[in-house]
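The values are calculated or read from the model by the stated rules, or taken from the named source; none is laboratory data. Predicted model only: the values in this text are computed from it and were never measured. Cβ sites come from the backbone with ideal geometry, for glycine too, and all protein chains shown count toward neighbours. Please note that ligands, DNA and RNA were not included when accessible areas were found on the heavy atoms of the full protein model with its side chains. Shrake-Rupley method; radii C 1.70, N 1.55, O 1.52, S 1.80 Å.
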Amino acid sequence: MVLTITPKKRRSTSKDSTVYLHIGLAKTGTTAIQRFLHENSEELAKHGVFYPDNFRSPETGYHDWGHHILSHKWGGWLDPKVFPISPDEAWEKTAEFIRSNPGKHVISSERFQDTLGIPGDAEIMRFIEDTVAPAKLVIVVYLRRQDMFAESHYKELVKNNFHTSTFAEYMSNLPHFLDYAEYLGKISKLSPSVQIIARIYDPNLFTCGNLFADFFDALDMELPKIDLASGKRTTNPSINSPLVALMETMRTKPLWREAEFRRKLYHFFDNKPEMIDIGAPMLSDEDRREILKRYEDSNARVADLYLSEQHALGLTMPEDSGKRKFNKDRLIYSSNDVIRLLEITISTLKKPPS
């Protein structure tokens, strides 16, 4: 009798795991990806994809789904009412979770875009590598054509009352990380063992035309065929140019700080499709050409190092849209509009500061 011995299947260990550090960039669907992974974490875990706890306290009504407590280990705002444990404790618990659950893990916070590529980031990278070890660390970053990023990013700053300048002033001093070749080059030098996967934020280039499918493609797998939640919701909508023009000055920041005031203005402008220039961009085609000309060499290097020929097109100037940019000196309000805006303002001023 011949005895056949079947080798035992090798058991997966944390050495087989990969941690994907998703660093943004901002305004590239980051919040949508975070919400998608958070709300589907139990189902995705069955397919070997893990989205560790973000340690936010749901009682606070804090609606964010990223791992911001982890990125805030290196400074910045951190409200203990929102995050009941410290960043160090959060990293310890995350590391233990990774060791206990072999597979693909995603850590996501767009604040990493600000902590990497600047002085002191070598220590940050070394800490993250050591903490998730023996799992392999991979960085995933989405890039967006710089002209589109600039307009969307400034609108986001205004939306959250984080802006400290007008749009013109912002455009004269664009964020350092928009030089993608230099930015990714600095990150790549931090650790030769850390792979960087760059994707383009452009719906025309997404895998299967879907952002989530595209993200899973970056993880080298197909989007699992499960009953997914939050697949079609708009997670972080932008605001339109007339509202930005109204609120970008420093004189309005005290009012804009009031959440109820912001809510009422969002509602007002969202329900004015007939308003002149309501959908006008803040940049003209000529403005866009000038911006992309500034980054032409950088984008070419990024395309050569990280992108396929098709995806490289996502960083090049498309044909002219023919759209006229928003002119804040042009009259766009009716008398009734002005009255309603005054009513909203007066009702806010009558309330005690929050």
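Counting heavy atoms of the protein chains only and a 1.4 Å probe, report the per residue accessible area for region 51-191 as a whole number of Å².
42
Considering the options 332, 74, 322, tell which one lies farthest towards the positive end of the dipole of the chain, charges being +1 on Lys and Arg and -1 on Asp and Glu at the Cβ, about the Cα centre.
74
Under a Cβ-only charge scheme (Lys and Arg +1, Asp and Glu -1), can you give me the dipole magnitude of region 97-139 about the Cα centre, in debye to the nearest 20?
280
Give, rounded to the nearest 20 debye, the magnitude of the charge dipole that the chain has about its Cα centre when Lys and Arg contribute +1 at Cβ and Asp and Glu contribute -1 at Cβ.
The dipole of the chain has a size of about 620 debye.
Check each of the chymotrypsin sites (Phe, Trp or Tyr not before Pro) in region 272-354 and keep only those in coil by DSSP with at most 16 other C-beta atoms within 10 angstrom; list them in order.
Answer in residue order: 333.
Could you give the size of the charge dipole of region 169-307 about its Cα centre, using +1 on the Cβ of each K and R and -1 on the Cβ of each D and E, expressed in debye and rounded to the nearest 20?
For region 169-307, the charge dipole is close to 540 debye.
Calculate how large, on average over all directions, the projected area of the Cα convex hull of region 214-328 is; give the answer in nm² to one decimal.
11.5
Please tell me the relative contact order of region 249-354 in percent, rounded to the nearest whole number, where contacts are Cα pairs under 8 Å and at least six residues apart.
Taking the mean separation of contacting Cα pairs over the length of region 249-354, I get 46 percent.
Per residue Cα convex hull volume for region 75-221, in cubic angstrom?
Value for region 75-221: 149 Å³ per residue.
How big is D, in µm² s⁻¹, for region 45-100 by Stokes-Einstein at 4 °C and 1.567 mPa s if Rh is the Kirkwood radius over C-alpha pairs?
108
If the cut-off is a Cα-Cα distance under 20 Å, which lysines reach residue 325, setting aside same-chain residues fewer than 8 apart in sequence?
By straight Cα distance, residue 325 reaches 155, 159, 272, 293.
Return the whole-Å distance between the Cα centroid of region 84-162 and the Cα centroid of region 237-260.
Going from one Cα centre to the other spans 29 Å.
Arrange the residues 118, 278 by how much accessible surface each exposes, largest first, with a 1.4 angstrom probe.
118, 278
Leaving out ligands, DNA and RNA, and with a 1.4 Å probe, what % of the accessible surface on the chain is carbon or sulfur?
52
Please calculate how many Å² of accessible area region 253-354 carries per residue, with a 1.4 Å probe and no DNA, RNA or ligand atoms counted.
Value for region 253-354: 69 Å² per residue.
Counting other Cβ atoms within 10 Å, keep those with at most 14, restrict to DSSP loop, and tell me which GluC sites (Glu not before Pro) in region 251-354 are left.
Hits after loop and neighbour filter: 274, 319.
What is the projected area of the convex hull of the Cα atoms of the chain, averaged over all directions, in nm²?
Mean orientational projected area (the chain, Cα hull): 23.0 nm².
Round to a whole angstrom and tell me the spacing of the C-alpha centers of region 191-211 and region 298-337.
After rounding, the separation between the Cα centres reads 19 Å.
222 nm [θ] for the chain, helices only, -39500 (n - 2.57) per DSSP H run of 4+, per residue, to 500?
Using -39500 (n - 2.57) per qualifying helix, the result is -12000 deg cm²/dmol.
Give me the extension gain from residue 333 to residue 191: residue separation times 0.36 nm, minus the current Cα-Cα distance, reported in nm with one decimal.
Gain in length upon complete extension: 45.7 nm.
Taking the alpha-carbon distance from residue 73 and a cut-off under 17 Å, which aspartates and glutamates remain once sequence neighbours fewer than 8 residues away in the same chain are dropped?
53, 88, 89, 92, 110, 114, 121, 123, 129, 130
How much net charge surrounds residue 122 when only the other residues with a Cβ under 14 Å from the Cβ of residue 122 are counted, with Lys and Arg +1 and Asp and Glu -1?
-1
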